[in-house]
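Scroll down for the structure; my scribbles are underneath it.
The values are calculated or read from the model by the stated rules, or taken from the named source; none is laboratory data. These figures come from a predicted structure and were not determined experimentally. Cβ coordinates were reconstructed from backbone atoms using ideal geometry, including for glycine residues, and neighbour counts include every protein chain displayed. The area values use the complete protein model at the heavy-atom level, side chains included, leaving out ligands, DNA and RNA. Shrake-Rupley method; radii C 1.70, N 1.55, O 1.52, S 1.80 Å.
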Amino acid sequence: MSEAGGQKALGAGAFYGAVQSRLEQCDAIFTDLRHTLPRKLPSHSHELPFFAVLMEGLYGERYGREERQFRPFTVHFRPAGVPHQDEIGPPGVRFFEIEIRPGWRERLQDCSAALDVARDDCKGGELLWLAMKLFWEVQSVGIPDDLTIESLLADLMAAAARMPREDKFERPTWLGRIIEKLAVEYTGRLTLDELSREAGVHPVHLSRVFRRRIGEGIGEHVHRLRVRAACEQMREPEVSIAEISVALGFADQSHFTRAFRRVVGMTPVAFRSQL
């Protein structure tokens, strides 16, 4: 750890909290990190850019001028050297951290891509599931396969680099209302006509603009919200998969299983066994 102008800078592989395990492979450092008590951490930055997957607990962050809150099964990317301050919620948190060494930056530049701004995936999108595949690979018994790790890292960084930069000033005002409505009512029986009335635009225009701005269709977006919520609920062993599927608005358990497999790449039963 070093300090510059009172700002703490954490070196490669260094984090506040208790490190449960650490692995360095394929120009990346993978850290299983835990905090057992709620606390506010000092403002700090990191030497290396990193992805952080929140596996358990609640976590708040002051980053630049914004304050953000994260729940389990969300992931965020932060560039190197940017100050931020974290707050650990009760009863503590578990993170899977993926730090990226400079060699990957050069590879991205070779294909005209860059990871130079923060990225968040709080809706169960592609970024989360690529990071989760890395978690399962790193945590598996034996030495993780280099080619598998390297391929997943390349896919993860490519997915983050192509995420659209959110510009709230350029997108239509009605789109923000629709996104907020879906975030709250994703378990309900929403229809395109209902959403278009809320937006005040034609259903076809709504569907087209949503896909262009968000990068996926409305139905796909809702399924991802439901699947991410299902992952959080599956951490509670007393709740059955059938109960989860009904509570989240799926027609039945078979419908839930198909949607879950399409998003996560495995069945709900297999996912729960991994947890």
Filtering trypsin sites (Lys or Arg not before Pro) in segment 138-203 by DSSP loop and by at most 12 other Cβ atoms within 10 Å leaves ARG165, LYS168, ARG189
Across CYS111, CYS26, CYS231, the residue with the highest GNM fluctuation in the chain (Cα network, 10 Å cutoff) is CYS111
Count of lysine pairs, the chain, Cα-Cα under 27 Å, sep. 8 or more residues or interchain, comes to 6
Extension length gain for VAL204 and ARG34 (0.36 nm per residue less Cα distance), in nm, is 56.6 nm
Taking LYS40, LYS133 and ranking on accessible area (1.4 Å, protein atoms only), highest first, one gets LYS40, LYS133
Descending accessible area (1.4 Å probe), largest on the left, turns THR187, THR267 into THR187, THR267
Here the Cα Rg-to-2.2 N^0.38 Å ratio for segment 94-148 is 1.32
Computed, not fitted: 222 nm per-residue ellipticity of the chain from DSSP H runs ≥ 4 (each -39500 (n - 2.57)), nearest 500, equal to -13000 deg cm²/dmol
Given a Förster distance of 35 Å, the FRET efficiency implied by the Cβ-Cβ spacing of ARG101 and ALA242, rounded to the nearest 0.05, works out to 0.20
With the chain reduced to its Cα atoms and the Debye formula applied, log10 I(q)/I(0) at q = 0.11, 0.12, 0.13, 0.14 1/Å amounts to -0.69, -0.82, -0.96, -1.11
Excluding ligands, DNA and RNA, the carbon-plus-sulfur percentage of the accessible area of the chain with a 1.4 Å probe reads 50 percent
Rounded to the nearest 10 Å², the accessible area of GLU126 using a 1.4 Å probe with every protein chain kept is 90 Å²
Karplus-derived 3J(HN,Hα) from phi for segment 189-202 (6.51 cos²θ - 1.76 cosθ + 1.60, θ = phi - 60°), whole Hz, x at Gly and Pro, runs 8, 7, 10, 5, 4, 4, 5, 5, 5, 4, 7, x, 9, 5
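Could you give the length gained on full extension between ARG162 and VAL19, defined as 0.36 nm per residue of separation minus the Cα-Cα distance, in nm?
48.4 nm
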Rounded to one decimal in nm, the spacing of the 7 Å Cα→Cβ label points at SER43 and SER140 is 4.3 nm
Projected onto their principal axes, the Cα atoms of segment 122-256 stretch, largest extent first, over whole-Å spans of 56, 38, 20
Relative to the chain, whose Cα atoms define the longest principal axis, helix 253-264 and its Cα axis are tilted in degrees, nearest 10, by 40 degrees
Looks like segment 13-84, by Cα gyration tensor root eigenvalues a ≥ b ≥ c and the a/c under 1.5 rounded cutoff (else prolate when a/b is bigger than b/c, oblate otherwise), is oblate
